[in-house]
1. Let me have the 222 nm mean residue ellipticity of the chain computed from DSSP H runs of 4+ only, each contributing -39500 (n - 2.57), with the sum over all residues rounded to the nearest 500.
2. What spacing in nm lies between the two simple spin-label points modelled at ASP67 and ARG251, each 7 Å away from Cα in the Cβ direction?
3. What is the fewest-to-most order of ARG548, ARG414 by other Cβ atoms lying within 10 Å of their Cβ?
4. If you place +1 on the Cβ of every Lys and Arg, -1 on the Cβ of every Asp and Glu, and leave all else neutral, what size is the dipole of the range 420-535 about its Cα centre, to the nearest 20 Debye?
5. Treating the chain as a set of equal point scatterers at the Cα positions, no solvent, please give the Debye-formula log₁₀ I(q)/I(0) at q = 0.08 Å⁻¹.
6. How would you rank 525-534, 422-431, 505-514, highest first, on the average number of other Cβ atoms within 10 Å across their residues?
7. By how many nm would the segment from GLN340 to GLU356 grow when fully extended, if each residue of separation counts as 0.36 nm and the alpha-carbon distance is taken off?
8. Report, in debye and to the nearest 20, how large the dipole of the range 65-195 comes out about its Cα centre when Lys and Arg carry +1 and Asp and Glu carry -1 on their Cβ.
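Just so you know, all these numbers are worked out from the coordinates, no wet-lab data involved. Values in this document were obtained by computation on a predicted structure and should not be read as measured data. Neighbour counts are summed over all protein chains in view; Cβ atoms, including those assigned to glycine, are modelled from backbone coordinates with ideal geometry.
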Amino acid sequence: MLHRFIENRVRQALTRVLPDADPGTVQVQPCPDPRFGDYQVNAMMALAKARKLNPRQLATDLLSHLDVADGCEPPTVAGAGFLNFRLKPAAIAGVLEAAARGEHLFFVPAEKPRVIVVDFSSPNVAKAMHVGHIRSTILGDSLARIFRLLGHRVITDNHIGDWGTQFGKLLVGWKQHLDRSALERDSLAEMERLYRLINAECEKNPALLDLARQELLKLQQGDPENRSIWQEMIDDSRHQFDTIYDRLGVRFDQTLGESFYNPRLNALIDELNRRGIAEESDGARVVFFPDHPELKQHPAIVLKRDGAANYTTTDLATLAHRLETWQPNEIVYVTDGRQQLHFKQLFAVFRRWQPEARVTLAHVWFGSILGEDGKPFKTRSGEVIRLSDLLDEAEDRAFKVVSEKNPDLAEAVRREIARTVGLGALKYADLLPNRQGDYVFSWDRMLALNGNTAPYLQYAYTRIRSIFRKSGFTPEQLAAAPAFVLAESDELALAKQLLNFGLVLEGAAREYRPNFLCNYLYDLAGLFARFYENCPVLKAEEPARSTRLALCELTARVLREGLDTLGIETPEQM
Ligand code: ARG
């Protein structure tokens, strides 16, 4: 929280020393080495370099115009021109007191709230969601929550794949082989069966492939029977997706499938042609990027040779629709890394088409989930793992962990705890690694009660809660507690970590990396454990007792809010 105070003061001082400089370049970061201070500003180096000044001299000049005495010890210039800041304990105590009164939870809403569309999950109709979709769903949901917490207006949009050539085969399968009772039991499994069946038959029987093409064409031309079968496939699939979203606590503001944009495609292609953005090439319409270092090898097709629009065309129309409907400042797409080229092309075509648009476009991509053998994560028999089975298994395994830990609780209570612990462990394991790497899926690791896991953080939370319950203190009493005194180094270290909740949230939002928040919470729990080991709470004298109880309560609140922002629930006991 106090990083904002430092940032604003440094920005003001900068306008005195370098009136032409952009104050936005000043960003306060935690000091990598706490021996030098709590926060650091390194902007002077780049600012000096651009002006051929001596960076240490610039930093020193800035200090002569900088007054941060109400929050910090006198700042110092270090190394090549870093500014280092150390907070005064009284200033830290002041922020904590305000938090104890419920005035804030160590973050402030964005000064300029943005409108952000988050496009995530986006599974395909007539296919079960598999583990590949889990990362998009979990990552996207957590990003949406982070943006929302920081005060932005977020629109979550599930861009489901409900259009495409696969429907030709599906329609043939549906008409020739549908097993109604199987459909009622597990609609996605039945649709997958139909697709596989026809797909295999088409290999041997070209006439069937032709039939599939005719069925597809009829669908595209609006044939009532095919439309109604297609609609049923969508409804059944969405019903099954919704069951999973409910279990995961994931919510969408919009579910506009690809088909929603069909009516716009012709006009879009006409416009790209008319304005010379798309050119004819081999019978297709293509956008070339001769000056783009990477895309000059990869022109984007917007109309295929057979006259059909494709994924890029639909995504362009989707973009236009979003701009018109919500006027977003930013659109974030969460998909796996194999779609990087698609999004580079999409963004490049869009910039040519609408060069005046100010919207920020971000492709937030992620790597794969691997099995413990290092190969793509599959079931023992080598099949793709279904998301619903994975969620069941997470809950079952967590039930064992919870039952071992707390055999005396009633079974229903243990089941409910196991639900939050199992799903929490699964989500956290997915959010913790750097998203651009692959990660190895391990039940034992994600469910461990010690280590950087959700169960560890959930357990830390329940322990703090129980300390607080034993104290007999209420949040009201806490709000009215005497001034905080932070005397011990473990108290100070914990307090400073609490202070950085907002800074970490902002970083996670800026770089689309919820793992920053995971690691922050893990460190917070560790600092709490050290504090609790070295500083008696309930047996301490006043004012230490109230200060320490407040530290407990505030740590619990940040843990709960932080986990909630990752989409993870916190049980009250474990
Ligand atoms: N349905 C696509 C898939 O499963 C993902 C869609 C991502 N969103 C987008 N606007 N292209 O691969």
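1. When only DSSP H runs of four or more count, the value is -18000 deg cm²/dmol.
2. 4.7 nm
3. In order of increasing Cβ crowding within 10 Å: ARG414, ARG548.
4. 240 debye
5. For the chain at q = 0.08 Å⁻¹, log10 I(q)/I(0) is -0.69.
6. Result, highest mean first: 422-431, 505-514, 525-534.
7. Gain in length upon complete extension: 3.4 nm.
8. Charge dipole, the range 65-195, about its Cα centre: 320 debye, nearest 20.
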